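Here's the structure we're looking at; comments come further down.
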Amino acid sequence: MLDIDAVGINWARAQFALTAIYHWLFVPLTLGLALIMGIVETIYYRTRNVFWRDAAQFWQRLFGVNFAMGVATGIILEFEFGTNWSNYSWFVGDIFGAPLAIEGIVAFFMESTFVAVMFFGWKKVSPGFHLASTWLTGLGATISAWWILVANAWMQYPVGCTFNPDTMRNEMTSFLDVALSPFAINKFCHTVTSSWIIGTLFVVCVCCYYLYKKRDHQLALQSLKISCIVGLVASVLAMHTGDESAYQIAQVQPMKLAAMEALYNGGTDQSLTGIAWVNPCGQPDYENEQEPPLRVAVPYALSFLATHDIHGYVPGINDILRGDYTNAAGQRELSTAEKIARGQKAITALQEYRRLKAAGSQDAGYLAGLSEIIQTNMPYFGYGYIKDTADLVPSIPLCFYAFRIMVGLGTLFILFFLVALFVLYRKDITQMRWLQLLGIVLLPLGYVASESGWLVAEFGRQPWTIQDLMPTWVAVSEIPSSSVMLTFLLFVVLFTGLLAVEINILCKQIKRGPEYSNANA
């Protein structure tokens, strides 16, 4: 057996983070552009105006470039579960593998089938069938995202399963509980609506570029109107689902919420921090600090966000570590020391159970007793591997600032869409160079907001690979850190090359512009 040192764990985490971040550069644009091109082609189907067909073909061409790159990085991401996280895959493969398999068999093949009709079927199938293919391509991509997010949500809120000590695996007991978990539904809605924002910002960027260059005015103005309407609706929906997400996090991942707010000591009537000084270079001294310096907050807002009651109790980091308060389920929350003791009790009972089973013990009563101890303490199984309670506190600076970047930029997008729509319908946007430049700049900021959201979601649940059940250092494969480091560096080169190729192709296609069917279009 190979020893898994901290270096190997960090390289495995870094490689997965690298792959996920690069993959997420492509996915939201795929989902967002799918909606835009579906709307544009629907307008063509209803009006039979060839301009709208040319516009649909243009946006579909850009969609195709991005779609191909997303597939390449997504496949690598799924393989890493087997290479770098084999202990995790063994422990929960029966559950985690199901949504991934469905995503591959149903959603991916649905996308690949209809995307061919969408690209090559303009003159080979009826307009109605082609329109259906366009929408089904987007639907397939969205369904694909659904199953991936179901898997991710289960890691953050494991439900619908039970642990089998004979196989050393968590086994699914209810597929519906896993697939329709409230955590999964909200994560899907929030992720997809935020992806629509990325898609609309991309269209806004291209349209503003054309307006700035004084070309393709009709395409730019008409597409800009559609994208700003969709973007505004998506932003409002993302705000609503984000509020619901914060409420759910408060119920099942209170430490993540405390890190997001840099809330060291909680209580009732809690204020929501707007700005504060949290040292970005290291973990704050949360044990001794009452709150971050220079804090400006909205009274009662955090209590309302977390409990839907302005006087509700919200635990801070120290409260969670100490325990002994009434949690969201109305139960006494155990202290960290109690959770660690119960986790160690489950691990010890499991080891004894496995030893007796291997020795062929026939003492059914004793084995049943050990099994009961395991199941009773299984909710705290992962705590048995915790050596230092500080490991249970995620990076406060990262969660705090990433959350505010996401929310701040989301607010900026809403303001932009409102101003842009007012100008489009009441003023002449072709004369407003500053607004055109702002529309171009917002695209990279959209990606910053999107990636920041994922940083909060994933770093906020550290140290857990599976919430309360498996820390990262238990989930990792027993392979030399040098091997992971080498593949990490290879992926840096590969993914950077893919990204450079996509940006280059997209820029060339944008400069080339739409191919009009006639001179008057």
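The values are calculated or read from the model by the stated rules, or taken from the named source; none is laboratory data. Remember, predicted model here, so these are calculated numbers, not experimental data. We place every Cβ from the backbone using ideal geometry, glycine too, and count neighbours over all the protein chains shown. Surface areas here come from the heavy atoms of the whole protein model, side chains and all, with no ligands, DNA or RNA. Shrake-Rupley method; radii C 1.70, N 1.55, O 1.52, S 1.80 Å.
I'd like to know if the stretch 393-404 contains one or more residues that are free of Cβ contacts under 8 Å to residues at least 40 places away in the same chain and part of a helix (DSSP H, G or I).
First, pick out the residues of the stretch 393-404 that are free of Cβ contacts under 8 Å to residues at least 40 places away in the same chain: none.
So far as the stretch 393-404 goes, no, none of its residues is free of Cβ contacts under 8 Å to residues at least 40 places away in the same chain and part of a helix (DSSP H, G or I).
Quick one: would you say ALA328 is hydrophobic (A, V, I, L, M, F, W, C), open to solvent by 60 Å² or more (accessible area, probe 1.4 Å) and not assigned by TED's automatic domain parsing to the domain that holds PRO471? Reasoning before the result, please.
Working: hydrophobic (A, V, I, L, M, F, W, C): yes; open to solvent by 60 Å² or more (accessible area, probe 1.4 Å): yes; not assigned by TED's automatic domain parsing to the domain that holds PRO471: yes.
Yes: the conditions hold for ALA328.
Kindly indicate which of ALA246, ALA250, ALA220 is assigned by TED's automatic domain parsing to the domain that holds PHE51, part of a helix (DSSP H, G or I) and farther than 25 Å from TYR88 by Cβ. Write out each step before concluding.
Working: ALA246 fails: assigned by TED's automatic domain parsing to the domain that holds PHE51; ALA250 fails: assigned by TED's automatic domain parsing to the domain that holds PHE51.
Exactly one residue qualifies, and that residue is ALA220.
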Task: Qualifying residue in the stretch 40-53 (condition: of a type in the set (Val, Ile, Thr), crowded, with 20+ Cβ neighbours inside 10 Å and modelled with pLDDT of 90 or more) - done: yes
Task: Given (1) within 24 Å of the chain's Cα centre (by Cα); (2) open to solvent by less than 50 Å² (accessible area, probe 1.4 Å), number of the condition THR411 does not satisfy - done: (2)
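Residue by residue, here is whether (1) out of contact with any strand residue (DSSP E or B) (no Cβ under 7 Å at 6 or more places or on another chain); (2) more than 26 Å from SER223 (Cα to Cα); (3) hydrophobic (A, V, I, L, M, F, W, C) holds:
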{"position": "TYR425", "(1), (2), (3)": "yes, no, no"}
{"position": "GLN431", "(1), (2), (3)": "yes, no, no"}
{"position": "GLN436", "(1), (2), (3)": "yes, no, no"}
{"position": "GLY439", "(1), (2), (3)": "yes, no, no"}
{"position": "LEU443", "(1), (2), (3)": "yes, no, yes"}
{"position": "LEU455", "(1), (2), (3)": "yes, yes, yes"}
{"position": "GLU458", "(1), (2), (3)": "yes, yes, no"}
Open item on the list: Given the condition surrounded by fewer than 24 Cβ atoms within 10 Å (Cβ to Cβ), of a type in the set (Phe, Trp, Tyr) and not assigned by TED's automatic domain parsing to the domain that holds PRO315, answer yes or no: does some residue in the stretch 204-211 qualify?
Closed with: yes
TODO: List every residue pair whose Cβ atoms sit under 6 Å apart, with the two residues 6 or more apart in sequence or on different chains, where the first one lies in the stretch 63-89 and is open to solvent by 30 Å² or more (accessible area, probe 1.4 Å) and the second, anywhere, is not in a helix (DSSP H, G or I).
DONE: SER86/SER477
- [ ] Report whether or not ALA68 is within 22 Å of LEU498 (Cα to Cα) and not basic (Lys, Arg).
- [x] yes
Open item on the list: Pull out all pairs, ordered by first then second residue, where Cβ-Cβ is under 9 Å, the residues are six or more apart or on different chains, the first lies in the stretch 24-48 and is β-branched (Val, Ile, Thr), and the second is open to solvent by 10 Å² or more (accessible area, probe 1.4 Å) and not in a helix (DSSP H, G or I).
Closed with: ILE43/ASN49
Open item on the list: Every residue in the stretch 96-108 that is farther than 16 Å from THR30 by Cβ and among the hydrophobic types (A, V, I, L, M, F, W, C), please.
Closed with: PHE96, ALA98, LEU100, ALA101, ILE102, ILE105, VAL106
